[in-house]
Amino acid sequence: MAGGLAARLDLLKKNLVLSNLAAATGVCFPIGLSYLLLYLGYGYGAVETFIIGAALSATSLGTTFAVISSASETIDLGQTRVGSVLVSAAVIDDVSGLVMSSVIRDLRKLSGDGDVSLGWLIGRPIVASIAMTIVTPIVTKYFFAPVFRKYIEYHFARYDHISNIVLMVLVLCAFISIAAYTGTSILFGAFLAGTFLTYLPSKHPDGPFIVTSREEGEREADKSPTFVHTFEAYLMGVQEYLMAPLFFASIGFAIPFVQLWTGKRIWRGVLYTLLMAFAKLIVGIWVPLWEVFTHFFIKEKSEPQPSRQAKETEDTEHGPSSPTENTHKPHATWLSALLLGSAMVARGEIGLLIIEIGYNSTSYVSEEGFITGVWAILLNTIIGPITVGVLVKLYGKHIGEGRWGLQDPVTYGQRE
């Protein structure tokens, strides 16, 4: 639910095509290259390879953003064009991972005695997820949001966090129930619940949920804290100090730590790590490819040119502009591409969740495959943020000043 509350749907809309291309690459390459190495090279089973590859198709932005914020004071990644694409692509990758986790969990039914259709087993979570993804924004925009804004939201200011928590619990229970009944991941249902709550309040400047801080929402009589504020105030501590440790402890309990440190498992894990790092780094290639595509196939919106007299006045006062100020720097594009690819490398908690489900809930993932996947997830989660941190520290300002750097929101939206 926290992921849905924090999701920037406006960024996803502005970069929908490019983000989908990047996300599809970030899902297909890890799975495809996993078959190349694990299935053909290591001799793992086909289903086992798919589960491990699905785990390595996830993306963790939390660690990467933490490194970025501490590594550079000159660039706010979330306000850059490449950062917008990164966030949107990572959200799509994680949603795909949650859907695949539901498919993987259901694979255990194939080993039972009952007559189970493989097509229905795989297709049901996918169809249910697509249906929920399509129906949720439609009913939210045309029914729930208008009703909430007209009849409900102004009453929330009387009770502040209490009314927010009640609504959050009701919405979360509803989405989890729908997700479980239709056969998709309950985690995906929780994510959609967060996005649903994010869209409900009115965006008018005088709206009760439009506040500059949590304190303003709590202090002003006609204002209410946002759902994010309520989550941070009452649930973030539970998530950070109870739920997250329990989750990672469950992962740790499943890892045969001593068995990790055999020569065969180490070199196999390291080799797979390098291949999976490349599988995410290649996502960055869409940045220069998009430059080429927009240059040749999309007519750029012409910008107003300054008059000749104004240009002569500017040249007299400040001197003629240097060529580098008026021309696009190609290496800035490649730096942005490297930043995008490097930031997608970290796998994190979603990857660990998927591979744990495959190992504990099915009979397809062996201990060897589980250890190889864990090696790749852990090492990539270390390599990715370190690479991003060094890149931002050295070239953050240069990236921020390039075409894929800081953008005016209106112009940026028009270009996409």
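Residues that are of a type in the set (Val, Ile, Thr) and within 19 Å of Arg347 (Cα to Cα) number at least 1 in the following helices (runs of 4 or more DSSP H) confined to the range 1-53: 16-34.
Residue-wise test of (1) among the aliphatic types (A, V, I, L, M); (2) farther than 30 Å from Leu36 by Cβ; (3) modelled with pLDDT of 85 or more.
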site	(1), (2), (3)
Asp206	no, yes, no
Glu215	no, yes, no
Ser224	no, yes, no
Ala233	yes, yes, yes
Gln239	no, yes, no
Met243	yes, yes, no
Ile266	yes, no, yes
Tyr272	no, no, yes
Phe278	no, no, yes
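Scanning the range 225-277 for residues that are closer than 30 Å to Val166 by Cβ and charged (D, E, K, R) turns up Glu232, Glu240.
Matching residues to (1) at pLDDT below 90; (2) assigned to a loop (DSSP other than H, G, I, E, B):
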| residue | (1), (2) |
| --- | --- |
| Ile75 | yes, yes |
| Val95 | yes, no |
| Val99 | yes, no |
| Ile104 | yes, no |
| Trp120 | yes, no |
| Val127 | yes, no |
| Ala131 | no, no |
| Ile134 | no, no |
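Counting the residues of the range 41-65 that are at pLDDT 90 or above, buried (at least 19 other Cβ atoms within 10 Å of the Cβ) and of a type outside the set (Phe, Trp, Tyr) gives 9.
Within the range 146-177, restricting attention to residues that are in a helix (DSSP H, G or I) and among the small types (Gly, Ala, Ser), the residue that is farthest from Ala193 (Cα to Cα) is Ser163.
A Cβ distance below 8 Å, combined with a sequence gap of six or more or placement on separate chains, defines the contacts here; from the range 137-160, residues that are within 12 Å of Pro201 (Cβ to Cβ) and touching a residue at least 60 places away in the same chain (Cβ under 8 Å) reach residues that are surrounded by 11 or more Cβ atoms within 10 Å (Cβ to Cβ) and of a type in the set (Phe, Trp, Tyr) in the pairs Thr140/Phe196; Thr140/Tyr199; Glu153/Phe209; Phe156/Phe209.
Based on this model, can you work out whether Ile210 counts as under 20 Å from Ala6 (Cβ atoms), under 27 Å from the mean Cα position of the chain (by Cα) and at pLDDT below 85? Yes: the conditions hold for Ile210. Looking only at residues that are surrounded by 19 or more Cβ atoms within 10 Å (Cβ to Cβ) and touching a Phe, Trp or Tyr at 6+ places or on another chain (Cβ under 7 Å) in the range 160-174, which one is farthest from Glu216 (Cα to Cα)? This residue is Val171. Within the range 218-230, the set of residues being assigned to a helix (DSSP H, G or I) and crowded, with 17+ Cβ neighbours inside 10 Å comprises Phe227, Val228, His229, Thr230. Ala337 passes every criterion in (1) modelled with pLDDT of 85 or more; (2) within 30 Å of Val47 (Cβ to Cβ) apart from (2). Restricting attention to the range 182-217, the residues that are assigned to a loop (DSSP other than H, G, I, E, B) and aromatic (Phe, Trp, Tyr) add up to 1. Would you check if Gln259 is exposed (fewer than 13 other Cβ atoms within 10 Å of the Cβ) and either without any contact (Cβ under 8 Å) to a residue 12 or more places away in the chain or in contact with a helix residue (DSSP H, G or I) (Cβ under 7 Å, 6 or more places away or on another chain) (or both)? Yes, satisfied. How about the range 130-169: which of its residues are among the small types (Gly, Ala, Ser) and under 27 Å from the mean Cα position of the chain (by Cα)? The answer is Ala131, Ala145.
The values are calculated or read from the model by the stated rules, or taken from the named source; none is laboratory data. The structure presented is a predicted model; accordingly, all values stated were derived computationally and were not measured. Glycine also receives a Cβ, built like all others from the backbone with ideal geometry; neighbour counts cover every protein chain displayed.
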